[in-house]
1. Restricting to DSSP H runs of at least four residues, report the calculated mean residue ellipticity at 222 nm for the chain, -39500 (n - 2.57) per run over all residues, nearest 500 deg cm²/dmol.
2. Per the Cauchy relation, a quarter of the hull surface: what is the mean projected area of the convex hull of the alpha carbons in region 82-130, in nm²?
3. Within the set of other residues whose C-beta is less than 10 Å from the C-beta of D28, count the net charge using Lys and Arg as +1 and Asp and Glu as -1.
4. Over the chain, what percent of the accessible surface lies on carbon and sulfur atoms, probe 1.4 Å?
5. Taking amide H positions as placed in the peptide plane 1.01 Å from N, state which residues far from L242 in sequence (5 or more) or on other chains have amide H under 5 Å from it.
6. Within the chain, what's the longest stretch lacking GluC sites (Glu not before Pro) that sit in DSSP loops with no more than 16 other Cβ atoms inside 10 Å?
7. How far apart, in nm, are the 7 Å Cα→Cβ label points at S333 and A49?
8. Within region 88-124, report the trypsin sites (Lys or Arg not before Pro) that DSSP leaves as loop and that have at most 13 other Cβ atoms within 10 Å.
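The values are calculated or read from the model by the stated rules, or taken from the named source; none is laboratory data. Every value quoted in this text rests on a predicted model; they were computed, and no experiment measured them. So basically every Cβ, Gly included, is an ideal-geometry build from the backbone, and we count neighbours across all protein chains shown. Side chains included, ligands, DNA and RNA excluded: accessible areas come from the protein's heavy atoms. Shrake-Rupley method; radii C 1.70, N 1.55, O 1.52, S 1.80 Å.
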Amino acid sequence: MAKVHSFTCPIEADVVDAFCVLQRGFTDQFVYYRKDAPVRFMGLGRCIAFSSLEDVDCLKEGPSHHEPVFFSFNRFDAENPCPPDPLNEAFPRLRFMLPEVVLIEDEQGVFLQVNSLAPVYQGRVERFARQAQAASHRSRRTVEVALEMDSRDAWVSQVEEALGAMGALGTQEADAEDASKHGLTKASVRKAVLSRRLEVRATEPFSSKDLLVNLIDGPAKGTVLLYRYADVFFCGCTPELLVRKRGDRVESMCLAGTAPTGTSDAEREMLAARLMADEKNRREHDYVVQFIRNVFGRTCYNVDVPDVPGILALTNIQHLHTPASASILEGTSLWDMVGDLHPTPAVAGTPVGEARLLIRRIEPFNRGFFAGACGYVDGAGDGEFSVALRTGVFDGERGYVYAGCGIVSGSDPAAEYDEIAMKLQTVLSAFDGEA
């Protein structure tokens, strides 16, 4: 059994300012930062990776008895034989990563955690605390980038191919032939989530810190994610919670169905009402609700998933949103729930297995971490994972940004292309230091 020594103490510092100072000395970096609540973990340095936490003995030291924090960044489809872009390919395939240093902000305050496989050297704690507490306030920076657009015609062809495989386009004979080509029974896939990948190139070098600060301090809403490995990094700001566990309580959300927010409160409300009444979007949303309700029904009790969705309004777009909560069955772990829930129909389609097979055939790229399950789990087994939407992968000079949308019977390829353009604004806001 591996022993982990974890020393945690309170510090008087802004957690982001402290991170900006300390990150200069570490190439490996991990961030899970909720903008709506003080659930913020910012890790630095590579300590050790574990394939499972079952045989890890966590020895808590110091005046604050926080559990050690393990980060986990997982690919959307790790078995996809299509090679990912070279930046995603540069990341190792690790499951639970324990950084040397973790900055924590929760309802009790801000804390410094130092982790080690041996008793923690107090000199390191004192040095990191001193540097964190002396940190000056961070500043934002705008980075000019050029976006290389993809082909609208190619996108239309991909959507039509997906609709054809669903039996939603063309003659019955053509539908059956197209579905057979994908190894599917006719109309076995009712929804497929397709995505676009665009390349960005900067006019000057930028850092992971530049994008992180712009996402945290800028208008993007949701949970900010960062995983830096050496000189490549994956980051973004996602609105979608996959699963959260606190003791025996678990939460998730159903997020599917999209509309713009408009330019005024009145227009936002009008568009929200139209979204609620739209049959196509409600059907797309209901596939996710049914899936999460079924998963919770197998692994939990006291399941609460409302029958009618609400609206989650973000900066540029709004979604149909249904919260889900339950009590988890004894013996079921957070990691078990991640495996059962990911990918949901919100990022793959329905049925999930058939939809993922169809995505492999249609999408001309491997998504890598985009739409993967990314989050943290502590030494007590609590934590949370989000679905890595509105994200990109970068090397400080160029990168790729990703976004997707659900394709169902009745989808208009041109409208879906424009919807993705709205979603891309979130990750692209990471380059804007003024908004």
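1. -9000 deg cm²/dmol
2. Result: a mean projected hull area of 6.1 nm².
3. +1
4. Exposed carbon and sulfur together represent 48 percent of the surface.
5. Answer set, sorted by chain and number: F385, S386, V387.
6. 145-329
7. Each label point is offset 7 Å from its Cα along the Cβ direction, giving 1.7 nm.
8. In loop regions of region 88-124 (DSSP not H, G, I, E or B), the sparsely surrounded trypsin sites (Lys or Arg not before Pro) are R93.
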